[in-house]
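Just so you know, all these numbers are worked out from the coordinates, no wet-lab data involved. What you see is a predicted model; the values in this text were computed from it and never measured. Please note: Cβ atoms are built from the backbone with ideal geometry, for glycine as well, and neighbour counts cover all protein chains shown.
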């Protein structure tokens, strides 16, 4: 029950007036479950997240009934612009003044670490459905963070294991000069060497590189049978267009780390054909993914990528866990999330581990030739399914302090 100042005066409790804001905040915090989508709505990753990912979260709320514990689910969203300070300030305001219970999306690993620190001291839940760093469940793990969709370890090990198993053992890397990019190269290299292969060349490139010509020519002359790149978004589109001009695909296979359907459509099938990439979700895998994706297409105007499907899955699992726990308490909800297997359109028999990683399999895809495509979104085919024990880093190797 809300207590206003007139009631306090009538009860002779004037001395409690200074506590009134605290009483109101405590009362408000017991009301609706409140979800905050902290995403990129205006910069480099807006096309792979943004309003379409927000639509996936809305679908998850609707598909779980729109309310939990007899209270409506509320949704807020904000643009982090891929800037750590902006994302941190938004999350702080949400936690401290707007009673947001859980934050989802987080398309930048640096923002994820900052928000996780805020959430830890305030006992709030973070559903990291878009960042890539494996450190989120490694040295920087948190009891209130669930890393849901993919990480550098899973992407690297899935793609690398499929290529090594096919006999591709000489690799050249074009690596984004970031912590995430170098982590991808390190993890992929470990799989390559373990399979008897070797790295014949590697270059580092900054974000927003306009000209990849010298790097591509270096790769072409290296004798590699695989060109593995970890640039993303518009950079990946530019790289593939230039690789096509040099005929790179005529002498080696090309694999990308963070390839999304929007990237492939930006390249066009004529240029992207043959490109190999790993994903945690593809819309055309089975009848269930197709049905979900067609619903999503009607609402968002595009097929969902893995970040969008992962956000749908994570939010749905969170809401079910709140209902099961009978409380929004972060410890109780996280316990319920770990105790309940994840079985939905995104994952089968997934599980949330003690380090915060949601363990699930991955898919290795290959972009189709134009002649193989039958519709606008028919752009890739499945070439390998990677089980969870290969796609997920073993608990003992991550260095998560929660496990000590």
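Quick notes on this structure:
- Ellipticity at 222 nm from helices only: DSSP H runs of n ≥ 4 in the chain, each -39500 (n - 2.57), divided by the residue count, give -13000 deg cm²/dmol.
- Using alpha-carbon coordinates, inclination of helix 84-97 to the longest axis of the chain, degrees: 30
- Cα gyration tensor shape of the stretch 151-237, rounded if a/c is under 1.5, else prolate or oblate by comparing a/b with b/c: oblate
- Net length gained if the chain between residue 123 and residue 332 were fully extended (0.36 nm per residue, minus Cα distance): 74.2 nm
- Rounded if a/c under 1.5, otherwise prolate or oblate - the chain, Cα gyration tensor axes: prolate
- Ascending count of other beta-carbon atoms within 10 Å, so fewest first, for 144, 277: 144, 277
- Relative exposure of 282, 376, judged by other C-beta atoms within 10 Å (fewest first): 376, 282
- Within the stretch 149-164, backbone nitrogen closer than 18 Å to the virtual label 7 Å beyond the Cα of residue 372 toward Cβ: 159-160, 162-164
- Here residue 270 and residue 83 are evaluated by their C-beta separation; at R0 = 41 Å the FRET efficiency comes out at 0.70.
- The long axis of helix 233-246 is offset from the longest Cα principal axis of the chain by roughly 10 degrees.
- Taking 0.36 nm per residue of separation and subtracting the current Cα-Cα distance, fully stretching the chain between residue 251 and residue 395 would add 48.0 nm.
- The stretch 339-404 and the stretch 51-130 have Cα centres spaced 23 Å apart.
- Diagonalising the gyration tensor over the Cα atoms of the stretch 237-278 and scaling each eigenvalue by 5 before taking the square root yields semi-axes of 15, 12, 8 Å, largest first.
- Of all DSSP beta bridges in the chain, antiparallel share, percent nearest 5: 30
- Computed over the chain: relative contact order in percent, which uses C-alpha pairs under 8 Å that are six or more apart: 17
- Between the alpha-carbon centres of the stretch 303-337 and the stretch 131-188 there is a gap of 24 Å.
- Between residue 179 and residue 193, the modelled labels are 2.3 nm apart [label points 7 Å from Cα along Cα→Cβ].
- Ranked for footprinting exposure by Cβ neighbours inside 10 Å, fewest first, 348, 97, 338 give 97, 348, 338.
- Sites residue 97 and residue 207, calculated FRET efficiency, Cβ-Cβ separation with R0 25 Å, nearest 0.05: 0.15
- Maximal additional length on extending the residue 381-residue 31 stretch stands at 121.4 nm, based on 0.36 nm per residue less the C-alpha distance.
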